[in-house]
Amino acid sequence: MLKKFISYYKPVKKIFITDMICAFIMAVCDLFYPMITRNIINIYVPDQQFQLMVTWLVILGLIYILKVGLNYYITYYGHIMGVIMQSNMRKDIFEHLQDLPFVFFDENKTGSLSSRIINDLMEVSELAHHGPEDLFISAIMLIGSFIALSTINFPLALIVFSVVPFLIFFAMKLRIRMADSFMETRETIGEVNATIENSISGIRVSKAFSNKENEIEKFENNNEKFKQARKKAYKVMAEFHVGSSFIIDFLNILVLSAGGIFFFKGYINFGDFAAFILYIGNFLNPIRKLINFVEQYQSGISGFKRFTEIMDKKIEADEPDAKNVDTVKGDICFDDVTFSYDNNKEVLKNITFNIEAGKTVAFVGPSGGGKTTLCHLIPRFYETEEGNIFIDNLNIKDFTRKSLRKNIGIVQQDVFLFTGTIMDNIHCGRFDATKDEVIEAAKMANIHDFIMTLPEGYNTYVGERGVKLSGGQKQRISIARVFLKNPPILILDEATSALDNATELLIQNSLEELSKGRTTVVVAHRLSTIKNADEIVVITDKGILEKGRHEDLVQSNGIYAELYNSQFKNMI
């Protein structure tokens, strides 16, 4: 994991190296001050070397001016470096999410994923900037201080540095507890974000059912978990800071006591004692940096660990010999296909059927029979457990996923519109399409006339998830996407379910026109919309039970006839 973290320094190598050089020079500058002070007290003042004293004071002033520039670079460009690294991590994880299979998103909450992308990487950015810098400066200051103190009085230097092992032991002892606490905090804030995202997305449902109290209760439960996790983390932090602060305070007493004794015994003079006190200040600063680093490291590395957990998830990889297939005729064959979610009860078992290119085949049956699942298997949103699916006698696993899905257009029951304009949402069907082609697709979906009544026309913003549009309007925009894509294979999964009867009639003819010459797979509960299908397949949790044209299935008095007659009675 550390190797992966270090790899993100490569694009900002120049800034990092310059930052380290500046940090090194700053540390050396800080080491000069006690030595200059010592010489002024021990030599220049007693020997009345006024000119040398002024010279070294000017040098000291120039050193402080140099530190201003160095500090500016470290503070500004160091943070810029962290932001660039954070941006690259965020880009990588977002691109990785695009390639993860459907099953990953079935198992992970949107709010929790957002927390990993945004909140966790903020702490990683701080660690990326301050971590190496603090470690480097601390190492230079500790080594430099020890060498300087040793030149002044080696026994006294050993007494001072004898405290360091106790500080290291104390930090290591609490490190694991801090790591666990920060990881728990990350997880709980992810749950809080997921609850907020879910509640806000469903606010209309919540209001419709007067579920305010229930939503508040769910939020408070997760918020309480976060509060308790944060308390635990702060408890460990408090123990760490109190313990380390006590050791540092004890070190001050130790220096004053030992230094005072050495001064009284005549082992050091006044100037050496003053320099020793000043070097102790230089010695304590890196220790404080190291203490802060331990906390920062645990916070940042827990965020990076959650980042790598996602990055380590297996993506939808194409087979080694997969082909880019530009166009297909549209022959579809299911050969003894079996599928289940998470190794639970099989949704599809030993399903076999053929669809000839250009034909329209409708799948009907009770809910839970696997109709939508069957549609998801064709573009490889999920992988079959057993059996194979072929398009034009070529196993879909031999297609690259991109070229496979390029040949398939899908209109689903659950319509999703992106935040943006109507033009943007239709355009995602084919981004290289011209404005005229977008408008033509909208006309074919019978949504153009409505769009033109809007003040901004195609530039009208639809709101988050298309909240400013009705269900039927959103559905017709999603249908316009497929018209624009113009694929050889169509999957219509309850494509007209959100439409009223009048609107359904408007677009049904358009869908039938679009289906001509294309292979069309239709899932429908409203059986009146599939009467003209070339074949109707009745599928239940027991598999395929009936096949045939509408008239034949009605006359057979089987499951389809029962479903059709029950709907017909409800319409009377």
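The values are calculated or read from the model by the stated rules, or taken from the named source; none is laboratory data. From a predicted model like this one, the values you see are computed outputs, not experimental measurements. Positions of Cβ are backbone-derived with ideal geometry, glycine not excepted, and every protein chain shown enters the neighbour counts. For the accessible areas, the whole protein counts, side chains as well, though only heavy atoms, and no ligand, DNA or RNA atoms are used. Shrake-Rupley method; radii C 1.70, N 1.55, O 1.52, S 1.80 Å.
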Given (1) surrounded by fewer than 18 Cβ atoms within 10 Å (Cβ to Cβ); (2) touching a strand residue (DSSP E or B) at 6+ places or on another chain (Cβ under 9 Å), THR360 misses just (1)
Those residues of the stretch 320-344 which are more than 20 Å from ASN407 (Cα to Cα) and open to solvent by less than 30 Å² (accessible area, probe 1.4 Å) amount to VAL337, THR338, PHE339, SER340
Scanning the stretch 296-319 for residues that are crowded, with 20+ Cβ neighbours inside 10 Å and modelled with pLDDT under 75, the one nearest to the chain's Cα centre (by Cα) turns out to be SER299
(1) assigned to a strand (DSSP E or B); (2) under 21 Å from SER515 (Cα atoms) all hold for VAL415 apart from (1)
| message | VAL347 - would you say it is at pLDDT below 90, touching a Gly at 6+ places or on another chain (Cβ under 9 Å) and open to solvent by 10 Å² or more (accessible area, probe 1.4 Å)? | response | yes
HIS525 passes all but one of the listed conditions (1) modelled with pLDDT of 85 or more; (2) surrounded by 13 or more Cβ atoms within 10 Å (Cβ to Cβ); the exception is number (1)
When the stretch 463-480 is checked residue by residue, the ones that are of a type outside the set (Gly, Ala, Ser), farther than 11 Å from PHE416 by Cα and free of Cβ contacts under 8 Å to residues at least 60 places away in the same chain are LYS468, LEU469, GLN473, ARG476
When every residue in the stretch 87-109 that is open to solvent by 80 Å² or more (accessible area, probe 1.4 Å) and not hydrophobic (A, V, I, L, M, F, W, C) is compared, the one modelled with the lowest pLDDT is LYS109
(Q) Looking for something in a loop (DSSP other than H, G, I, E, B) and open to solvent by 20 Å² or more (accessible area, probe 1.4 Å) - is there at least one such residue anywhere in the stretch 396-410? (A) no
Within the stretch 483-507, restricting to residues that are open to solvent by 30 Å² or more (accessible area, probe 1.4 Å) and in contact with a helix residue (DSSP H, G or I) (Cβ under 7 Å, 6 or more places away or on another chain), the one that is modelled with the lowest pLDDT is ALA498
Those residues of the stretch 371-383 which are in contact (Cβ under 8 Å) with a residue 40 or more places away in the chain and not in a loop (DSSP other than H, G, I, E, B) amount to LYS371, THR372, LEU374, CYS375, HIS376, LEU377
Out of (1) at pLDDT below 85; (2) surrounded by fewer than 19 Cβ atoms within 10 Å (Cβ to Cβ), the one ILE559 does not meet is (1)
Reported set for the stretch 419-428 where residues are in contact (Cβ under 8 Å) with a residue 24 or more places away in the chain and either open to solvent by 10 Å² or more (accessible area, probe 1.4 Å) or at negative phi (or both) is THR419, THR421, ILE422, MET423, ASN425, ILE426, HIS427, CYS428
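Here's the yes/no breakdown for (1) part of a loop (DSSP other than H, G, I, E, B); (2) in contact (Cβ under 8 Å) with a residue 60 or more places away in the chain; (3) out of contact with any Ser or Thr (no Cβ under 8 Å at 6 or more places or on another chain):
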position: ASP321; (1), (2), (3): yes, yes, yes
position: CYS333; (1), (2), (3): no, yes, yes
position: VAL337; (1), (2), (3): no, no, no
position: ASN344; (1), (2), (3): yes, no, yes
position: ASN354; (1), (2), (3): no, no, yes
position: VAL361; (1), (2), (3): no, yes, no
position: GLY369; (1), (2), (3): yes, yes, no
Q) Going by the structure shown, is ALA128 among the small types (Gly, Ala, Ser), under 22 Å from PRO34 (Cα atoms) and modelled with pLDDT of 75 or more? A) no
When every residue in the stretch 1-20 that is part of a helix (DSSP H, G or I) and within 12 Å of GLY82 (Cβ to Cβ) is compared, the one most open to solvent (accessible area, probe 1.4 Å) is PHE16
So, first residue touching a residue at least 40 places away in the same chain (Cβ under 8 Å) in the stretch 98-121, second residue open to solvent by 70 Å² or more (accessible area, probe 1.4 Å) and polar (S, T, N, Q), Cβ within less than 8 Å, six or more apart or across chains; the pairs are LYS109/ASN198; THR110/ASN198; GLY111/ASN198
(Q) Looking at the structure I just gave you, is SER470 surrounded by 21 or more Cβ atoms within 10 Å (Cβ to Cβ) and hydroxyl-bearing (Ser, Thr, Tyr)? (A) no
Exception for GLN475 within (1) under 22 Å from ILE426 (Cβ atoms); (2) modelled with pLDDT of 85 or more; (3) open to solvent by less than 10 Å² (accessible area, probe 1.4 Å) falls at (2)
Among residues of the stretch 429-452 being modelled with pLDDT under 90, assigned to a loop (DSSP other than H, G, I, E, B) and open to solvent by 40 Å² or more (accessible area, probe 1.4 Å), the residue nearest to GLY466 (Cα to Cα) is ASN446
GLU95 vs (1) within 30 Å of PHE273 (Cα to Cα); (2) charged (D, E, K, R); (3) in a helix (DSSP H, G or I): all pass except (1)
**Message:** Being within 30 Å of ALA275 (Cα to Cα), over 49 Å from the mean Cα position of the chain (by Cα), open to solvent by less than 50 Å² (accessible area, probe 1.4 Å) and of a type outside the set (Phe, Trp, Tyr): is that true of ILE40 here?
**Reply:** yes
Here the residues within the stretch 21-35 that are open to solvent by less than 80 Å² (accessible area, probe 1.4 Å) and either without any contact (Cβ under 8 Å) to a residue 60 or more places away in the chain or within 15 Å of PRO132 (Cα to Cα) (or both) are CYS22, ALA23, ILE25, MET26, ALA27, CYS29
